[in-house]
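Data first, discussion second: the structure below is written as structure tokens.
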Amino acid sequence: MSTIFDQVRQTGRAGVTTTGRRALLVAGAAAGATALAACTSPPADGPRRPNAAEVEAERVARAEAALRLRSVTAARGLLERYDATLAAHPALAARLAPLRRAVAAHAKALGEGGTTVDPAPGTTTASPGPASPSGPAGASPAPAPASGRPAASPTPVRVATDPRAALKELAAAERTASDGHAAALLTAPPEYARLLASVAASGAAHVYLLTEGARA
């Protein structure tokens, strides 16, 4: 009789021991899975990496801003040429003043969409201010550099002492700017491309007026 009771008690202890071991194993596995998930999951308040679409959108925005900055810089360089020519040859004011006003309007329009994008943290950028369409015949404001550092003093524009030669120089500058705007059409977004095409066509008309006017 005692033997039977002893067997029952031993069987009970074995059952409890086996069940306890299984419970411990299950609990340990669950704790390990939770710890692994905590190690591999990004923190809720940490920085989020941009997805492919966001990276591409930023690339396109920066490329467009760089294109706009090049276009504005070219237009302002041409405007400086007009100002220097007018300062050297005031007698040409009646002929050049209407063309200068058009070039100043082009410089302003080309920069209206913005020439920078939001900088990354810890960096600074600067966008050139709008050109003055009705400023004096002196030098026009120089564009601020994209790096945000102060701009160096611009090199004075040299103008030929002969009025006809000065007009030829101005026509060459118009042609260079017009060709640059036309080349930028290949990578410009549609709306800006239409503006570039209009400015390039106007520049070509200015070249004709300057060259034909010089012969008169």
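The numbers here are math on the coordinates, done by the rules we state, and not lab data. Note that this is a predicted model, so its numbers are computed, not measured. Cβ placement follows ideal geometry from the backbone for every residue including glycine, while neighbour counts extend to all protein chains displayed.
Counting other Cβ atoms within 10 Å as a rough exposure proxy, the listed residues GLU58, GLU169, GLU191, GLU174 run GLU191, GLU58, GLU169, GLU174 from fewest neighbours to most. Sorted fewest first by neighbouring Cβ atoms within 10 angstrom, LEU79, LEU86, LEU209 come out as LEU209, LEU86, LEU79. The residues TYR82, TYR208, TYR192, when put in order of fewest to most other Cβ atoms within 10 Å, stand as TYR208, TYR192, TYR82. With the simple spin-label model, which puts each label point 7 Å out from Cα in the Cβ direction, the THR176 to ALA66 separation comes to 2.2 nm.
For region 45-104, take the alpha-carbon Rg, divide it by the Kirkwood Rh, and send me Rg/Rh. That ratio is 1.41, to two decimals.
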